[in-house]
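Please treat every number below as a calculation from the coordinates, not as lab data. These numbers come from a predicted model, not from an experiment. As a convention, Cβ positions derive from the backbone with ideal geometry for all residues, glycine included, and neighbour counts pool all protein chains shown.
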């Protein structure tokens, strides 16, 4: 999400609360300490105001996020730290992958950038085209990528 960052120098949340590594794929140019906030136009679908920000524990899901995000430039994958509670992403867990094997989550709290993953290997042009065509067919059926 472009334009939805701010600096935060507060202490990170307790490690016992969020001990795992999380990723966020986007095209936004961010730096450690920046925050990704809900309430800005989404990188996906109709670009409506997003009530949540999304994160994952898998590089595969982060790569798709980086590759499919709207905007110019190369996709980026950031290491992020949630600043509040997270929940399973119902767009994936309830509809496609019961049990959350993609380890995809969402939160209404900011994500703090703690680093960037470089280098990373994207999908082949054929895989990317197939995913974009699939998402377009869902769009034609009136199915949005994000659901709040």
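Strictly greater than 23 Å: what percent of every Cα pair in the stretch 22-140 meets that? Show your work: numbers first, answer last.
On the way: 1775 of 7021 pairs.
So the pairs more than 23 Å apart make up 25 percent of the total in the stretch 22-140.
Give the peptides 75-84, 113-122 in descending order of average Cβ contacts within 10 Å, highest first.
75-84, 113-122
Given the peptides 131-139, 50-58, arrange them by the average over their residues of other C-beta atoms within 10 Å, most packed first.
With the highest mean Cβ count within 10 Å placed first, the list reads 50-58, 131-139.
Please work out how much length the chain gains when fully extended from residue 108 to residue 58, using 0.36 nm per residue of separation minus the C-alpha to C-alpha distance, in nm with one decimal.
Stretched out fully, the residue 108 to residue 58 stretch lengthens by 16.0 nm.
Mind checking the full-extension length gain between residue 21 and residue 116? Use 0.36 nm per residue of separation minus the Cα-Cα distance, one decimal, nm.
Between residue 21 and residue 116, full extension yields an extra 33.0 nm.
Which distance in nm do the two modelled labels at residue 123 and residue 135 give, with both placed 7 Å along the Cα-to-Cβ direction?
My value for the distance between the label points is 0.9 nm.
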